[in-house]
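Worksheet: the structure to be examined is printed underneath.
Every number in this text was worked out from the coordinates using simple rules, so none of it is lab data. Remember, predicted model here, so these are calculated numbers, not experimental data. When we count neighbours, we look across all protein chains shown, and the Cβ atoms used for this are built from the backbone with ideal geometry, even at glycine.
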Amino acid sequence: MGSISLRTIAIATVAVLAAGFGLAFFYAPEDADQGFIQKIFYLHVPLAICALLGFIVAAIHAIRHLRTGDPIHDARSYVSIHLSVIFGVGVLLTGAIWARGSWGVWWEWREPTLVSFLIVFLLYATYYPLRYAIEDRDRQARYASVFAITAGAFVPLNFLAVRLAEPLIHPRTFSSAGGLPAEMMLAFLVCLVGMGLLWVTLVRFELGAKAASADLGRIRRALQGDGAPPAPAPSVAPVGVSATSAMSAGSAERSREGAPPGATRFRKKAS
Amino acid sequence: MPPLLLAIEDAEGYVGGAYLVFLLLLLVYVAIMAAKLQRIQRDLGELAELAEQPRRSEEVSGR
């Protein structure tokens, strides 16, 4: 991953996402049950999968951080969670729009898929207050890693629990016999790869910005000759605080209504 | 019902709305990151000035 330049991966992201959305709108057939509104599927589901996988990636980086003590893994874990929370906002918003159009409601509290995703999202939303409530940088990184591992383990468990639960109205697309028709599956897979590339691009972009901020802080301290040992880069600066100023100050861096549960599989509209 | 909601009371409107929300989210993120990069650029300029100060003072004292 490190050998491919950010520019290359960004161009690939735009190309694959454009191809995926193109396939979704112009190649994949309309769903016989839901009609045109099912096109949200090609955006909503890849966003959700990438957000959840991102939380697991953050947990893996957190394990590596606790094992090695290298702050780069803490920074990667932080950025992975940050991007996955942003993707999570996208999942909740696009899901609410789809629910309104398809089921006539913005939200359904009795549906385990929706509520469980909200729980995971809110769980990760507490990562920031937890992290920045601790001033000591090493302790902050360690506690954040422990949180990322615990919450990361909760993600697959939560997914499994939702799969085992009885669905109310939310589709269980990939568990249905037969799954998606080939054209829909192709469009979906291209969108999924595109969304994965977008996640990787944004993670690398943010990590690059954080590394630059940390390097600037080190240079400033060296130029001002305050004698403080150089901070390892990249590190995580507090939200809303200039990394350079923070570091130079010696502070811590930072239903369809009534639809039957069986009506969950997407199928081609008969022409 | 507000006119905006009336306008999106069809499948095309909902699909367009969902993709627009995604685009807006992406744009907001990119705008925030652009602001951060501008700050880094400004800090870099300050540091360049700081780095040049000793040389300038040496030049002044040399005269």
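Here are the numbers for the structure shown:
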item: Cβ-based net charge around residue B:19, under 12 Å, with every Lys or Arg adding one and every Asp or Glu removing one; result: 0
item: Backbone N within segment A:195-213 under 16 Å of label point (7 Å from residue A:4 Cα along the Cβ vector); result: A:195-206
item: Zone of residue A:164's modelled label, taken as backbone nitrogen in segment A:90-124 under 17 Å from a point 7 Å along Cα→Cβ; result: A:112-113, A:116-117
item: Calculated FRET value between residue A:18 and residue B:24, using beta carbons and R₀ = 22 Å, to 0.05; result: 0.80
item: Peptide-level mean, for B:18-27, of C-beta atoms on other protein chains within 10 Å; result: 6
item: Average other protein chain Cβ within 10 Å of Cβ, residues A:83-93; result: 2
item: Shielding by partners, peptide A:31-40 (average Cβ within 10 angstrom, other chains); result: 3
item: Spherically averaged projected area of segment A:68-165 from its Cα convex hull (nm²); result: 6.9
item: Global form of segment A:8-66, assessed from the alpha-carbon gyration tensor, a/c cut-off 1.5; result: oblate
item: Sorted peptide list for A:124-137, A:38-51, criterion being average Cβ within 10 angstrom, highest first; result: A:38-51, A:124-137
item: Space enclosed by the convex hull of the alpha-carbon atoms of segment A:15-248, per residue, Å³; result: 131
